[in-house]
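Colleague: After the structure tokens below, expect a handful of questions from me.
Just so you know, all these numbers are worked out from the coordinates, no wet-lab data involved. Bear in mind that the values here come from a model prediction, so they are computed numbers and not experimental data. Ideal geometry is used to build each Cβ from the backbone, glycine not excepted, and the neighbour counts take in all protein chains shown.
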Amino acid sequence: MTVRSRTTPSPAHAIRARAGLATLTVLLALVAGACGQGGAPARSGSPAGTLRVVATTTILADLVAEVGGEHVQVESIVPKGGEVHTFDPRPSNVRRLAEADVVFLNGLGLDDWLGSLVTDSGTSAPVVRLGEDLPGVTYLSGGTRKGGTVNPHLWLDVGYAEKYVERIGETLAAADPANATDYRARAAAYGSTLADLDDGIRARMATIPAANRTVISFHDAFPYFAAAYGLTVDGTIVDAPGQDPSASQIGALVGVVRDKGVKAIFAEAQFNEALARTIADETGARVVSSLYTDSLGDAPEDTYVGMMRWNVDRVMEVLAAP
């Protein structure tokens, strides 16, 4: 039995989120009213001529910064180390959204709360869902999207992160035609960096013994990583962040680890790894600690490239041993 994870929030969180969104919608309406006839509020701290960009997560913000360079000022709504699945928007986010020229989110059910908030506010900033309807992507199950189940964690396959970068480049070029050539050139150069990173990860992961390629994870963040780099994820500890598993679910997962010969449990930096340690103690599987999935960390994990290198180093330490 595989204990599946979904990105659907708990009922209590859904109530809190609706209340938070209602409050922020009112505040955004007040901000919009203060702007006059369709005008934007005066910007604070943004150099003249730069695009003001808001992204939901630090990972998306870093990709935007790499493509935008000096032409953009980008901020993340969810702070470093924050949890996007269960994030409650706050009034302090209002001005950033009201002033934005472009808003980037992932979509696919991960951070749709921001898209709804921007739409309700009446802002004219385009809202770009980077993970949705990308050509050449094989979407995998998990998470929610328009009644279906699609996992949103595409960026953990570096090849798919390259597609995010292409979309970011075209979006910024459309928003700021005067610098379109530079955006496209930076997107191409950064895309080449990511292609090299992807090749390097594939080469390293190819050395993992076949017997060590089955894992479980804390939540359902790794299907694209596993598909790209030759692993199998046979279960998850929680159905969704913020929802603790029952004793029977943990027992079933212990059985999976034993029956499938799972070698490692992927624990994530933004979550307590006590449950992973409990299962490891019961089964003899090893814990891969401090993996970054939905947020960047401190240096050297403070960029997307640094984060992916960190994650692969941690995985190789556990899985590459005979």
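Colleague: Return P(r) of the stretch 80-178 (all Cα-Cα pairs; 5 Å bins starting at 0; whole %; ordered from short to long distances).
Modeller: 2, 11, 20, 22, 21, 15, 7, 1, 0
Colleague: Near the amide H of V128, under 5 Å away, which other amide H atoms are found, from residues 5 or more places off or on another chain, if H is placed in the peptide plane?
Modeller: The list, which skips near neighbours in sequence, is V103, F104, L105.
Colleague: For a footprinting-style exposure proxy, rank F271, F87 by other Cβ within 10 Å, fewest first.
Modeller: Least to most surrounded, the residues fall as F271, F87.
Colleague: Using modelled backbone amide H atoms (1.01 Å from N, in-plane), which distant-in-sequence or interchain residues come within less than 5 Å of T214's amide H?
Modeller: Under 5 Å from the amide H of T214 lie the amide H atoms of T232, K263, each far enough along the sequence or on another chain.
Colleague: Tabulate in residue order the Karplus-calculated ³J(HN,Hα) for the stretch 91-96, using 6.51 cos²θ - 1.76 cosθ + 1.60 with θ = phi - 60°, rounded to whole Hz; enter x for Gly and Pro.
Modeller: Coupling constants for the stretch 91-96: x, 5, 7, 4, 5, 4 Hz.
Colleague: Then there is this: Using the Karplus curve 6.51 cos²θ - 1.76 cosθ + 1.60 with θ = phi - 60°, what ³J(HN,Hα) values do you get for each residue of the stretch 104-109, in whole Hz, with x for Gly and Pro?
Modeller: Listing the rounded values in order: 10, 9, 7, x, 6, x Hz.
Colleague: Read phi for every residue in the stretch 187-203 and hand back ³J(HN,Hα) as whole Hz from Karplus 6.51 cos²θ - 1.76 cosθ + 1.60, θ = phi - 60°, with x for Gly and Pro.
Modeller: Once θ is set to phi - 60°, the couplings for the stretch 187-203 become 4, 5, 5, 5, x, 5, 4, 5, 4, 5, 4, 4, 4, x, 5, 4, 5 Hz.
Colleague: Enter the Cα centre distance for the pair the stretch 55-98 and the stretch 238-280, rounded to the nearest angstrom.
Modeller: Cα centroid of the stretch 55-98 versus Cα centroid of the stretch 238-280: 30 Å apart.
Colleague: Sticking with this one: Long-range amide H contacts for V74: which residues qualify at under 5 Å (H placed 1.01 Å from N, peptide plane, sequence gap of 5 or more or a different chain)?
Modeller: Under 5 Å from the amide H of V74: V53.
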